[in-house]
Structure formats: C-alpha cells, structure tokens
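Trainee: I have a structure I would like to understand better, so I am pasting it below and will then ask my questions one at a time.
The values are calculated or read from the model by the stated rules, or taken from the named source; none is laboratory data. Worth saying up front: this structure is predicted, and the values here are computed from it rather than measured. Here the Cβ positions follow ideal geometry from the backbone for every residue, glycine too, while neighbour counts run over all protein chains shown. Protein only, heavy atoms only, side chains kept; ligands, DNA and RNA dropped before computing areas. Shrake-Rupley method; radii C 1.70, N 1.55, O 1.52, S 1.80 Å.
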Amino acid sequence: MSRVITESIATTSMISPENSELFESITSDLSEKGYSVNQNALPQHLSLQLLDQLHVMSRKEFDTAGIGRQQDHTVDNSVRTDEICWIDGSSEAGEKWLAWSSELREYLNSQLFLGLFSFESHFAHYGPGDFYKRHLDAFKGESARLLSLVVYLNPDWETEDKGELVLYRDVHDSTGIKVSPTFGTVVAFLSEDFPHEVLPAKRDRYSIAGWYRLNNSIGNRIDPPR
C-alpha cells in the first residue's frame, strides 16, 4: 500500500448494529491490505430494494459507459462495453443506498482518517459477453478518487456464469484475486493502488460501482463537481 493508514480510537456508537460488523471488517481489511471482500454482506433489505429498483427501471435510463471524466470522457468499446445509470437519490432505493454509503464514509473517516468528502455511484449492467479491461479507478496525484466501492445484485449467481471482478494487488500482478458477483457481496479497495477488470459473463450482470472522493477544490474550481 502506498498510503499509510492509521487507526483511530474514535467512538462507533452512532453506527447501526446491522452495519457495525461489516464496517469493522472493511476497516480492518483496508488497514491491513488495502482491499476488502465481504460476501452476502450488504443488509438484505437494502439489497432487495436495489434489486427491485433495477427491475422497474427502463433500459432507456442506462447510457453506454465511457472512460475519463467531463471533457476527457470518451466511449471506447475496446476497453469497456457496459452501460450505466447514475444514482441521484430520486428513488427510495437510491436514497437509502446513499444513506448507507454515507454511514460507511463517516465510519471510515472516524477510524482511518481518510478525509473522504463525497460519494458518487451508478448502477452498472453488463450483458452477456460484456467486459471492462484492466484499469485503475484513479491515477496517483491526478484524481480525487480515494476509495472504490462495488456491490453486486445478482441472485442465484453460479460459478459457471463467470463475470468475475479480478482485483490485482499491484501493476506487476498477473494473477489477481477473482471475486464472483454474487448477491450482496461488497468490495472496497484503494482506488490508486489496485488495477482491476471485469471478465465477460454468460448472463446479465448487475452491480453498483461507487467512489469516495477527497475535496480538491482550488479557487473557483469545484472538485468533486456538484
């Protein structure tokens, strides 16, 4: 890990009981190895609400995913072929998801002094055969993204369905850690330190991808953008 993480003795009394075990696991893993994988860990009621939201959404609400941000944003089907829909909290499920992610942000800040300032996330849909080639969510010194968060929303996912996330420990790792996108699995990792990719699946694959960001506003430039 390139970023030194120190533990805090801050109180955790404000964390809801259903989240405390998961948040403690994520915190411990990030402190020790920079990434965390917790299967079937998102509270079931939230997982089910998010899945129900996906069921009622129109395909027209999804856009072809691109790479880069704002003026540097481009679509490149040789790199990724998924489609996304940003979560703005306008639905009840989206609002509860953002509340949950905010609670995790506050917990991580209290325990690890990460200085996480804001959060952005989207639903992601990978059709059969879709992929996202190996990449970093942030480049050192060039982005406010500090911590990546992924949650999977695929009931009854089988090993033969493929579509794993492969998380590489560093740029030299050629094997990686494979994570099956099973329902309720929560993955967190330091954005600058872990290259990763999404392998093609044999059936539709759904997830939420999100990023906790630092406040890098300078002068009249707002970063993260509102």
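Trainee: Quick test of your reading of the structure: Asp173 fulfils all but one of (1) open to solvent by less than 30 Å² (accessible area, probe 1.4 Å); (2) assigned to a strand (DSSP E or B). Name the failing condition by number.
Mentor: If we test Asp173 against (1) open to solvent by less than 30 Å² (accessible area, probe 1.4 Å); (2) assigned to a strand (DSSP E or B), just (2) comes out false.
Trainee: Name the pairs whose Cβ atoms lie under 6 Å apart, with the first residue in region 25-44 and without any contact (Cβ under 8 Å) to a residue 24 or more places away in the chain, the second open to solvent by 10 Å² or more (accessible area, probe 1.4 Å) and among the polar types (S, T, N, Q), and 6 or more positions between them or separate chains?
Mentor: Here the result reads Ser25/Asn38, each pair linking region 25-44 to a residue that is open to solvent by 10 Å² or more (accessible area, probe 1.4 Å) and among the polar types (S, T, N, Q).
Trainee: Determine which member of the set Ser78, Ser58, Ser16 is over 23 Å from Lys178 (Cα atoms), modelled with pLDDT of 90 or more and over 19 Å from the mean Cα position of the chain (by Cα).
Mentor: After ruling out the rest, the residue left standing is Ser58.
Trainee: If Ser102 satisfies every condition in (1) closer than 24 Å to Glu18 by Cα; (2) of a type in the set (Gly, Ala, Ser); (3) in a loop (DSSP other than H, G, I, E, B) but one, which is the exception?
Mentor: The single condition Ser102 does not satisfy is (3).
Trainee: Out of (1) within 26 Å of Gly66 (Cα to Cα); (2) touching a strand residue (DSSP E or B) at 6+ places or on another chain (Cβ under 7 Å), what's the single condition that is false for Leu114?
Mentor: (1)
Trainee: Separate question: Within region 29-43, is there a residue that is assigned to a loop (DSSP other than H, G, I, E, B), modelled with pLDDT of 95 or more and polar (S, T, N, Q)?
Mentor: Yes, region 29-43 contains at least one residue that is assigned to a loop (DSSP other than H, G, I, E, B), modelled with pLDDT of 95 or more and polar (S, T, N, Q).
Trainee: If Thr185 satisfies every condition in (1) over 18 Å from Asp29 (Cβ atoms); (2) crowded, with 21+ Cβ neighbours inside 10 Å but one, which is the exception?
Mentor: Here Thr185 clears every test but (1).
Trainee: Return the only residue of Ser78, Ser110, Ser90 being under 26 Å from Asn215 (Cα atoms), in a loop (DSSP other than H, G, I, E, B), among the hydroxyl-bearing types (Ser, Thr, Tyr) and open to solvent by 20 Å² or more (accessible area, probe 1.4 Å).
Mentor: Ser90
Trainee: Do you know which residues across region 116-141 are among the aromatic types (Phe, Trp, Tyr), loosely packed, with under 14 Cβ neighbours inside 10 Å and not in a loop (DSSP other than H, G, I, E, B)?
Mentor: none
Trainee: Take the residues in region 167-197 that are among the aliphatic types (A, V, I, L, M) and over 14 Å from the mean Cα position of the chain (by Cα), then tell me which one is modelled with the highest pLDDT.
Mentor: This residue is Ile177.
Trainee: Tally time: how many residues in region 162-196 are of a type outside the set (Val, Ile, Thr) and within 17 Å of His125 (Cβ to Cβ)?
Mentor: Looking only at that region, the number is 6.
Trainee: Given the structure, is Phe183 touching a Ser or Thr at 6+ places or on another chain (Cβ under 8 Å), among the hydrophobic types (A, V, I, L, M, F, W, C) and in a strand (DSSP E or B)?
Mentor: So Phe183 does not fit the description; no.
Trainee: Answer yes if at least one residue in region 131-145 is among the acidic types (Asp, Glu) and at pLDDT 95 or above, and no otherwise.
Mentor: The answer is no; no qualifying residue exists.
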